[in-house]
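In what follows, a single structure is set out as structure tokens and then discussed.
Every number here is computed from the coordinates shown, using simple stated rules; none is lab data. Predicted model only: the values in this text are computed from it and were never measured. Virtual Cβ from ideal backbone geometry, glycine too; neighbours counted across all protein chains shown.
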């Protein structure tokens with residue numbers, strides 16, 4: 001049984017909720033103490049000689065952070081920067097502080113790098129942007145400077161990592177899962193209290209396509225109460241294409257219109273994925289949900305194969321990189337990946353890039 005199912009079971013009973021709340025108090029006590037020790041200088045933090053831009057969350061998963069980091073890296077490359085991405089490598093099969101470098105000419109495995117790092121690297125491969133994986137993002141940053149001469153670093157998921165100082169903090173908030181209605185881990189999904197938004201230079205509201213405008217405005221008001229100076233930017237995830245996983249060929253978004261499909265995912269916000277399929281007029285007749293970062297086994301894929309009744313299986317890039325290498329021997333074709341991109345209404349993209357690289361943007365404008 002995974003942690004979420006255990007938590008959901010405990011939350012159904014008063015005694016379970018009391019236990020979870022007590023654990024949340026212990027958790028936030030430890031987080032607050034750690035932050036205080038860094039603030040007091042008792043724990044040392046380090047500064048790198050190039051700008052460090054942190055993309056992070058108040059909550060655990062499901063905010064679209066990785067898509068935003070990829071978009072920002074592409075934009076920076078277009079503007080003449082030489083960026084690199086620093087990532088912890090959640091659930092990778094390697095010691096936390098071991099440095100794994102994903103770049104052309106480097107040797108690495110998906111297991112030691114982690115699924116998110118591999119996905120980011122594959123999405124940025126044609127742009128020549130390296131991904132460095134280590135729980136110590138300071139040492140990873142030093143390696144990026146030495147090996148790739150990087151002049152700007154994007155730290156993926158480092159909002160609560162105080163060892164490395166950052167020049168800008170950008171926080172992602174899922175518009176369909178407002179932080180002000182959530183609880184601290186393990187009772188809820190918050191990694192820290194909403195007061196943590198006081199460190200943010202910008203807040204990006206993601207998945208606005210699945211939220212009503214009134215709800216979005218309410219979240220904006222809550223953010224302004226906590227940090228009046230933070231720039232608040234709306235964003236949406238827009239489906240781009242389907243990809244035939246076996247042939248590596250693009251398939252039009254209209255391909256599954258009015259067709260029954262099997263939706264398979266192990267991500268932080270599976271409902272957004274399923275809602276996107278429904279928005280494309282596909283019919284998710286069978287839904288398989290696994291915990292975030294789940295590594296799929298041959299047995300699990302065999303179960304999907306045995307019950308899908310010739311329906312095409314649709315998954316995400318993040319999930320597909322966690323399929324076993326011989327997946328095609330288990331599922332007989334008909335596996336498609338939904339590729340999405342992050343989009344910003346109005347001038348949102350320009351405002352974000354102005355925060356990330358103000359000098360370059362001002363010079364070009």
Fill in the blank from the handout: The simple spin-label model distance between residue 298 and residue 97, using points 7 Å out along Cα→Cβ, in nm, is 3.8
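Would you compute, from DSSP H runs of 4+ residues alone, the mean residue ellipticity of the chain at 222 nm, taking -39500 (n - 2.57) per run and dividing by the full residue count, rounded to the nearest 500? Mind dumping the intermediate values first?
On the way: 12 runs with 129 residues, N = 365.
Rounded to the nearest 500, it is -10500 deg cm²/dmol.
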Practice task
State, as an integer percentage, the relative contact order of the chain based on alpha-carbon contacts under 8 Å between residues 6 or more apart.
Solution key: 18
Fill in the blank from the handout: Mean Cβ-within-10 Å packing, highest first, puts peptides 319-331, 198-210, 298-310 in the order 198-210, 319-331, 298-310
Practice task
Would you please classify the overall shape of the chain from the alpha carbon gyration tensor, given that a ≥ b ≥ c denote the square roots of the eigenvalues, rounded means a/c under 1.5, and beyond that prolate means a/b larger than b/c while oblate covers the rest?
Solution key: rounded
Practice task
Please work out how much length the chain gains when fully extended from residue 329 to residue 214, using 0.36 nm per residue of separation minus the C-alpha to C-alpha distance, in nm with one decimal.
Solution key: 36.6 nm
Problem - Rounded to 5, percent antiparallel among DSSP beta bridges of the chain - result: 25
Handout entry: Segment residue 193-residue 275, extension gain: residue separation times 0.36 nm, minus the distance between their alpha carbons
Key = 26.6 nm
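Fully extended, how many nm does the chain gain between residue 125 and residue 37 (0.36 nm per residue separation, minus their Cα-Cα distance)?
In short, 27.8 nm is gained.
Of 115, 136, how do they rank once you tally other Cβ atoms within 10 Å and put the fewest first?
By the 10 Å Cβ count, ascending: 136, 115.
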Fill in the blank from the handout: Using alpha carbon centers only, segment 134-152 is separated from segment 218-288 by a whole-angstrom value of 32
Exercise for the section: Rank these for me by crowding, 189, 157, 258, going from fewest to most other beta carbons within 10 Å. Expected result: 258, 189, 157
Problem - Cβ-derived FRET efficiency at R0 56 Å, residue 285 paired with residue 22, nearest 0.05 - result: 0.85
Practice task
Classify segment 1-78 as rounded, prolate or oblate, taking a ≥ b ≥ c as the square roots of the eigenvalues of its Cα gyration tensor: rounded when a/c is under 1.5, otherwise prolate if a/b is larger than b/c and oblate if not.
Solution key: oblate
Problem - Förster radius 45 Å - calculated FRET efficiency between residue 107 and residue 6, Cβ distance, rounded to 0.05 - result: 0.75
Exercise for the section: State whether segment 239-341 is rounded, prolate or oblate according to the following rule on the C-alpha gyration tensor (a ≥ b ≥ c being the square roots of its eigenvalues): a/c under 1.5 gives rounded; otherwise a/b larger than b/c gives prolate, and the remaining case gives oblate. Expected result: rounded
Exercise for the section: Provide the packing ranking of 351-357, 262-268, 45-51, i.e. peptides ordered by the mean count of other C-beta atoms within 10 Å per residue, highest first. Expected result: 262-268, 351-357, 45-51
